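Data first, discussion second: the structure below is written as structure tokens.
The values are calculated or read from the model by the stated rules, or taken from the named source; none is laboratory data. Just so it is clear, the model here is predicted, and its values are computed rather than measured. Ideal geometry is used to build each Cβ from the backbone, glycine not excepted, and the neighbour counts take in all protein chains shown.
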Amino acid sequence: MKYLFIACIFGLTACSVRKPSEEKWQQLFNGKNLNGWTVKIKGHPLGENYKNTFRVKDGLLQINYGEYEKFNELYGHIFYDREFSDYLIETTYRFVGEQLPDGPKWAYRNNGIMIHCQNPKTMAVDQDYPISIEAQLLGGNGKEERPTLNACTPGTYIDVNGKLVTTHCINSVSKTYAGDQWVKAQVLVLGDSLIRHYVNGQMVLEYNKPQIGGGNVFNYRPEAKVDGTPLKSGFIALQSESHPTEFKEVRLFDLKKYRGNSKKLDEVVDKLLAQSGSPAN
């Protein structure tokens, strides 16, 4: 400690300009490989990355269907290997190429960041989606408005403006992002008390009280779906739903230490969001 103190005195400028908020970001994706992540694809055992659906190329985490002939409803997810409860997660994504021809129409330029996921070890082999909340990523189709960072609820319910919402998806107020442009997505998760979705630093949706319930998830193990259970923590996953997608980064700022200190929490979150501008194309 003595030497660290002396080093900071003689290097005062360098020590003083360090940004604590940047030091605390956890890079969930290392840009080199899929270490720290586990794949689960419908119909395949946990850990089998069928036909290299999830891969890393040129520093990007890719959802790629180059080895597929048909999609065959092989919905997939790649899970980070740790649970979290209170955090800000951020990723920069874009849709590329063409959707597999037998992919469902609704899955065109469609992907998701899954939060408060069940443990992938508890998923059945033929289960399509983890019980979770989906921060849905959508791209434009040239025909209609398609906001991004919507909320969808496989096996769950959420509250919006004090009311329990039982419809599967709730649209955000974001604009439509067409083409292959990069978009920055951020999700603020504070246990089951507050969840907010942001696009390029602007809030587009807010809800709370996520809980297990409802449908839109199939072939699950009954013991994993106890309706009414509050979702206060869980795993994080990215989807594969038949349209190629690329992610530049996936990073997380753990906010658990600020639980109970709302003033400090607000300061930290405001600072993190202010530092995040629109992504470069």
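Cβ separations smaller than 6 Å between residues 6+ apart or across chains give no pair from segment 48-77 residues that are more than 19 Å from Leu137 (Cα to Cα) and at pLDDT below 95 to residues that are part of a helix (DSSP H, G or I) and among the hydroxyl-bearing types (Ser, Thr, Tyr).
Yes or no, residue by residue, for (1) closer than 23 Å to Gly191 by Cα; (2) out of contact with any helix residue (DSSP H, G or I) (no Cβ under 7 Å at 6 or more places or on another chain); (3) crowded, with 24+ Cβ neighbours inside 10 Å:
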site	(1), (2), (3)
Pro120	yes, yes, no
Gln127	no, yes, yes
Pro130	yes, no, yes
Glu144	no, yes, no
Asn150	yes, yes, no
Thr156	yes, yes, yes
Asp159	yes, yes, no
Thr166	yes, yes, no
Ile170	yes, yes, no
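Does any residue of segment 101-109 turn out to be in contact (Cβ under 8 Å) with a residue 12 or more places away in the chain and over 20 Å from Phe71 (Cβ atoms)? Within segment 101-109, not a single residue is in contact (Cβ under 8 Å) with a residue 12 or more places away in the chain and over 20 Å from Phe71 (Cβ atoms).
Just one of the numbered conditions (1) of a type in the set (D, E, K, R); (2) buried (at least 19 other Cβ atoms within 10 Å of the Cβ); (3) on the phi < 0 side of the Ramachandran plot is not true of Arg109; which one? So the condition that Arg109 fails would be (3). When Phe253 is tested against (1) within 16 Å of the chain's Cα centre (by Cα); (2) crowded, with 21+ Cβ neighbours inside 10 Å, exactly one condition is not met: (2). Within segment 160-179, the residues that satisfy the criterion of being within 16 Å of Arg94 (Cα to Cα) and at pLDDT 95 or above are Ser174, Lys175, Thr176, Tyr177. Scanning segment 239-281 for residues that are at pLDDT below 95 and at positive phi returns a single hit, Gly260. Just so you know, in segment 89-105 the residues that are touching an Asp or Glu at 6+ places or on another chain (Cβ under 9 Å) and in a strand (DSSP E or B) include one that is farthest from Leu190 (Cα to Cα), and it is Phe95. Considering each residue of segment 107-156, count those that are at pLDDT below 95 and within 16 Å of the chain's Cα centre (by Cα), and give that number. Of the residues in that region, 0 qualify.
On inspection, Asp81 does not qualify as over 17 Å from Glu246 (Cβ atoms), of a type in the set (D, E, K, R) and crowded, with 20+ Cβ neighbours inside 10 Å.
Lys264 - would you say it is free of Cβ contacts under 8 Å to residues at least 24 places away in the same chain, outside any loop (DSSP other than H, G, I, E, B), in contact with a helix residue (DSSP H, G or I) (Cβ under 7 Å, 6 or more places away or on another chain) and not small (Gly, Ala, Ser)? Break it down into steps so the answer makes sense when it comes.
Numbers: free of Cβ contacts under 8 Å to residues at least 24 places away in the same chain: yes; outside any loop (DSSP other than H, G, I, E, B): yes; in contact with a helix residue (DSSP H, G or I) (Cβ under 7 Å, 6 or more places away or on another chain): yes; not small (Gly, Ala, Ser): yes.
So Lys264 fits the description; yes.
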